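*Asks:* Pasting a structure below so you can have a look.
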There are 2 protein chains.
Amino acid sequence: MTQPKDASPAPERVLLTAQTAREFAAALFEKTGVPQPDAAIAARCLVRADLRGVDTHGIVRIPGYLKRIEAGLVDPAPEFVFEPVGPSVARLDGRDGLGFVIATRAVDHALGLAAEHGIGLVGVRNSTHFGMGATYLLQAIEAGYGAMVFTNASPAMPPWGGRGELFGTSPFAVGMPAPGSVPFVLDMSPTVVARGKIRKAEREGRAIPDGWAVDAEGNPTTDPGEALKGGLLPIGGAKGAGLSMMMDILCGVLTGARFAGDVGDQYKVFDRPQGVGHFIFVFRPDLFLTAQEAAARMAHLVKTVKSTPKAAGVDEIFMPGEIEGRCEVARLSEGIPYRRVDLAPLVEIAKAGGTPLPRGL
Amino acid sequence: MTQPKDASPAPERVLLTAQTAREFAAALFEKTGVPQPDAAIAARCLVRADLRGVDTHGIVRIPGYLKRIEAGLVDPAPEFVFEPVGPSVARLDGRDGLGFVIATRAVDHALGLAAEHGIGLVGVRNSTHFGMGATYLLQAIEAGYGAMVFTNASPAMPPWGGRGELFGTSPFAVGMPAPGSVPFVLDMSPTVVARGKIRKAEREGRAIPDGWAVDAEGNPTTDPGEALKGGLLPIGGAKGAGLSMMMDILCGVLTGARFAGDVGDQYKVFDRPQGVGHFIFVFRPDLFLTAQEAAARMAHLVKTVKSTPKAAGVDEIFMPGEIEGRCEVARLSEGIPYRRVDLAPLVEIAKAGGTPLPRGL
């Protein structure tokens, strides 16, 4: 377990290499009965979020996942069978396994369909929280494919005009490779902010800005605790609310997963599995053109975007996901600066179970 | 040409039945060389927008389309050949025909692929403005299918952090049938408002609200004319801007259409065809379930949405597209109230070409 050279994080932080973080995370999953290959997948997904600066979806969440495995609500070792539905379509029952493993396998399967037929769609039911949507876009992009990866999620926002929580703040995630250039990695919540950001503010004892959320009565609030009891505000009003409903339709209604407010919140509902659904669609970027043309066109788009005249106060125009991609490059070489307080629950679990701790923790 | 009974529009308006409006619109297209079946398709698409209250995308736009046909920039009578790309995928060269006809035919073809294989994707290049996105969702929904219908469009907004115009305010359109209930018809621009609303404000001499658009220098403006020279503001900042880029990637980069700011504005660019691209994906709602289960689940979602506790001041919660659907039902029986001033250019064209006018015009 090596520490990068010249690492001098603030004392409340510890720098871990991605490899160290992955080994630690995988060991924790294995200890609760997740087979080694699946534990490695889950660890890779979570650490990728940390590498990209999306620390709301990183290894700090592990205690929540382990708790659900221990409660029998997540099956640590399900067997997956893809059922063919058509030449380019398959169905997967996730059997309440880890969302990371289910979604990674489903993307793999969709890539196989697309390799043969140009496009591949996999509908997934009985899954659980799959973490950062961009993980799966990158899986497709790194294999040379474009992708749409949608999931539904536990209730966090009302339909437009309503009160309380019905639909999830599911990531809307669409990606496209750009060989030799910057890939398109759009991974966004349909709300002004993701719920993870409110949870982080609560953890860190900070107020949230106005316009992010409402309390249980539907009134604006800057208290993250009240916001977590209330609901998040969608982007563009009815538009963001419509996007969230779309994800519940594609991932829930269509696939056979839970839907319409019935997906279990992993932090609140302990009497049944989550029942999450995913809609995973991948496509060859050279579906309608030669591979060379496709790559040249995408590179031209990126170049055009990045050379657009800048608005006042803007130093650089970024592709969606580009800032996160640079963070990943930096953290791969410099290490990931975790807050000790965020890792404390993981350290406690490791100590209780006899899992070796990374140096410095 | 019948007028509905009890019709008493304000004197500046004229009520036309949908049938009358369609016949008038089709006659104008036929007069410029569009074959009868294609003229009927274009007329049906445009009048459907008027029926649904989306009058920014209705027959008032006809003079613009005719002008481009007469300028040789739109081919009134191209022949379409769908090239198979895979069992569920086809490519269409729109040959600079009318976008309405191209998109309608492409949805039809995609439905045929989906009937056989569960899903169908058609990538379209060399198309033109196709009007209201919901038209094509409804075409799929009425055939019993779900759909994603994306298009790119002429430059109207910068990438996030940029100035000026690069990407279009393309409709993001996704639909799902709900037999016996209210279908999901999400048709939204990734901007706070569609450019058509700004054009309408300009036509009607009204200022636009703050937060809709910026002028050519990137400063906020309430002047619709300045806004049309400047750019529209996306929903959710970088998120809406990312959605617009996504549509340019899927509809332009992928299909072989023009892209990255190169799609021609139908009202400004008269030295070449528009080169619009479409991404049309349809799917069977019973892909992963029985048809009965699928229908029951969608009906349950709609019922749950509509019975959600209402926010203060809200009388009813609507599904996306439901208000427009009710407008369509009402206008089918009561007629469509057109502003005479908006129809004046059509009347002028009809008179010049000897096309019979609907009664009352």
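*Asks:* Scan B:L243, B:L233 and give me the residue that is of a type in the set (A, V, I, L, M, F, W, C), open to solvent by 40 Å² or more (accessible area, probe 1.4 Å) and in contact with a strand residue (DSSP E or B) (Cβ under 9 Å, 6 or more places away or on another chain).
*Replies:* After applying the criteria, what remains is B:L233.
*Asks:* Hey, can you tell me all the residues within segment B:148-181 that are farther than 22 Å from B:G242 by Cβ and aliphatic (A, V, I, L, M)?
*Replies:* Once the filter is applied, which keeps residues that are farther than 22 Å from B:G242 by Cβ and aliphatic (A, V, I, L, M), segment B:148-181 yields B:M176, B:A178.
*Asks:* Name the residue that is nearest to B:T56 (Cα to Cα), counting only residues in segment B:320-346 that are within 14 Å of another protein chain (Cβ to nearest Cβ) and open to solvent by 60 Å² or more (accessible area, probe 1.4 Å).
*Replies:* B:E324
*Asks:* Is it the case, given these coordinates, that A:G313 is under 17 Å from the mean Cα position of the chain (by Cα) and not β-branched (V, I, T)?
*Replies:* no
*Asks:* Within segment B:246-261, count every residue that is more than 7 Å from chain A (Cβ to nearest Cβ) and surrounded by fewer than 24 Cβ atoms within 10 Å (Cβ to Cβ).
*Replies:* Matching residues across segment B:246-261 total 1.
*Asks:* Ok, one more. Are any residues in segment A:280-290 open to solvent by less than 60 Å² (accessible area, probe 1.4 Å) and either among the hydroxyl-bearing types (S, T, Y) or more than 10 Å from every other protein chain (Cβ to nearest Cβ) (or both), and if so, which ones?
*Replies:* Passing the criteria: A:I280, A:V282.
*Asks:* Using beta carbons and a limit of 7 Å, which pairs, at least six apart or on different chains, have the first residue in segment A:103-118 and closer than 16 Å to A:F130 by Cβ and the second one open to solvent by 30 Å² or more (accessible area, probe 1.4 Å)?
*Replies:* So the pair list comes out as A:T104/A:Q139; A:R105/A:F80; A:V107/A:Q139; A:H109/A:F82.
*Asks:* Right, B:V347: outside the structural domain of B:I119 (by TED's automatic domain parsing) and either within 30 Å of A:V185 (Cβ to Cβ) or among the β-branched types (V, I, T) (or both) or not?
*Replies:* When the stated conditions are applied, B:V347 passes them.
*Asks:* Just for helices (runs of 4 or more DSSP H) wholly inside segment A:242-361: which have at least 2 residues that are farther than 19 Å from B:F259 by Cβ and in contact (Cβ under 8 Å) with a residue 40 or more places away in the chain?
*Replies:* Qualifying helices (runs of 4 or more DSSP H): A:322-334, A:340-353.
*Asks:* Here are the criteria: (1) surrounded by 22 or more Cβ atoms within 10 Å (Cβ to Cβ); (2) in the same structural domain as A:I119 (by TED's automatic domain parsing); (3) not hydroxyl-bearing (S, T, Y). Tell me which single one A:R91 does not satisfy.
*Replies:* Here A:R91 meets the rest and fails (1).
*Asks:* Further, regarding this structure: Quick one: in segment A:107-134, which of the residues that are part of a helix (DSSP H, G or I) and within 16 Å of the chain's Cα centre (by Cα) is nearest to the other protein chains (Cβ to nearest Cβ)?
*Replies:* The selected residue is A:A134.
*Asks:* Next question. Using the structure shown, decide if B:T17 is hydroxyl-bearing (S, T, Y), outside the structural domain of B:D96 (by TED's automatic domain parsing) and at pLDDT 95 or above.
*Replies:* Judged against the criteria, B:T17 is a match.
The values are calculated or read from the model by the stated rules, or taken from the named source; none is laboratory data. The structure displayed is predicted, hence computed values, not measured ones. Because the Cβ atoms are built from the backbone with ideal geometry, glycine has one as well, and the counts that use them run over all protein chains shown. Accessible surface areas use protein heavy atoms only, side chains included; no ligands, DNA or RNA. Shrake-Rupley method; radii C 1.70, N 1.55, O 1.52, S 1.80 Å.
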